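Asker: Have a look at the structure that comes next, please.
The values are calculated or read from the model by the stated rules, or taken from the named source; none is laboratory data. All figures in this text were calculated on a predicted structure; none of them were measured in a lab. Using ideal geometry, Cβ is built from the backbone for each residue, glycine included, and neighbour counts are taken over all protein chains shown.
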Amino acid sequence: MELSLAISKIATLLDGKGYDGFFIVNGRHFGDLKKGLLASMTESELAASNSLILDTFLRSTAENENIVTRFTVNFNHEQFTIDKMEMWVNEKHLQIVKERHNHYGNYTWIPQKRDAVAKMISGFNLKPPANKRRLKRNK
């Protein structure tokens, strides 16, 4: 599979689940997921490990109740696989939501973004989100 097709496929998957905001790829590339993945794929760090870290904020509030999701992604045989999804609030609470167990390309185990946020709000007694429009990246 061509690299640009593999990047498009994983970006479309995450976008379809509602994870459509800005990403931080490997702690260095902030912004559009496709551009961050492409930049990381050209770096030598990926060649050594075949692994990428994708961080994105699910919610950020003035009360500093930031919900962050991290996807651990591998690139093998010209395709990306998501191996783990973790979530935390304010770097204090770490909750591993799901880990891959031979899903063979089936990503039904990754929750929709709204469901993931609701789980974190109820699990950590956070304030419910205000009815504000959020910024979305341009596609």
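Asker: Restricting attention to the stretch 20-35, report how many residues are out of contact with any Ser or Thr (no Cβ under 6 Å at 6 or more places or on another chain), farther than 9 Å from Asp55 by Cβ and not in a strand (DSSP E or B).
Answerer: Final tally of qualifying residues: 7.
Asker: In the stretch 19-30, what residues are within 12 Å of the chain's Cα centre (by Cα) and not β-branched (Val, Ile, Thr)?
Answerer: Tyr19, Asp20, Gly21, Phe22, Phe23, Asn26
Yes/no per residue for (1) modelled with pLDDT under 85; (2) of a type in the set (Ser, Thr, Tyr); (3) closer than 19 Å to Glu86 by Cβ; (4) in contact with a strand residue (DSSP E or B) (Cβ under 8 Å, 6 or more places away or on another chain):
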position: Ile7; (1), (2), (3), (4): no, no, no, yes
position: Ile10; (1), (2), (3), (4): no, no, yes, yes
position: Leu14; (1), (2), (3), (4): no, no, yes, yes
position: Lys35; (1), (2), (3), (4): no, no, no, yes
position: Ser44; (1), (2), (3), (4): yes, yes, no, no
position: Ala47; (1), (2), (3), (4): yes, no, no, no
position: Ile53; (1), (2), (3), (4): no, no, yes, yes
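Asker: Among the residues that make up the stretch 86-95, is at least one of them part of a helix (DSSP H, G or I) and either modelled with pLDDT under 80 or on the phi > 0 side of the Ramachandran plot (or both)?
Answerer: To start, the set of residues in the stretch 86-95 that are part of a helix (DSSP H, G or I) comprises none.
The answer is no; no qualifying residue exists.
Asker: Sticking with this structure for a sec: Only residues in the stretch 101-126 that are at pLDDT 80 or above count as the first member; pair them with residues that are among the charged types (D, E, K, R), Cβ under 6 angstrom, at least 6 apart or cross-chain, and list the lot.
Answerer: Close Cβ pairs (under 6 Å, with a partner that is among the charged types (D, E, K, R)) amount to Trp109/Lys98; Ile110/Lys17; Gln112/Lys17; Val117/Arg59.
Asker: Another question about this same structure. Provide a single number: the residues in the stretch 12-42 that are over 23 Å from Val117 (Cα atoms) and loosely packed, with under 14 Cβ neighbours inside 10 Å.
Answerer: Final tally of qualifying residues: 2.
Asker: Any residue in the stretch 20-35 that is within 19 Å of Ile67 (Cβ to Cβ) sitting within a Cβ distance under 6 Å of a residue that is β-branched (Val, Ile, Thr) and surrounded by 15 or more Cβ atoms within 10 Å (Cβ to Cβ)? List the pairs, counting only those 6 or more apart or interchain.
Answerer: Gly21/Thr56; Phe23/Thr56; Phe30/Ile24
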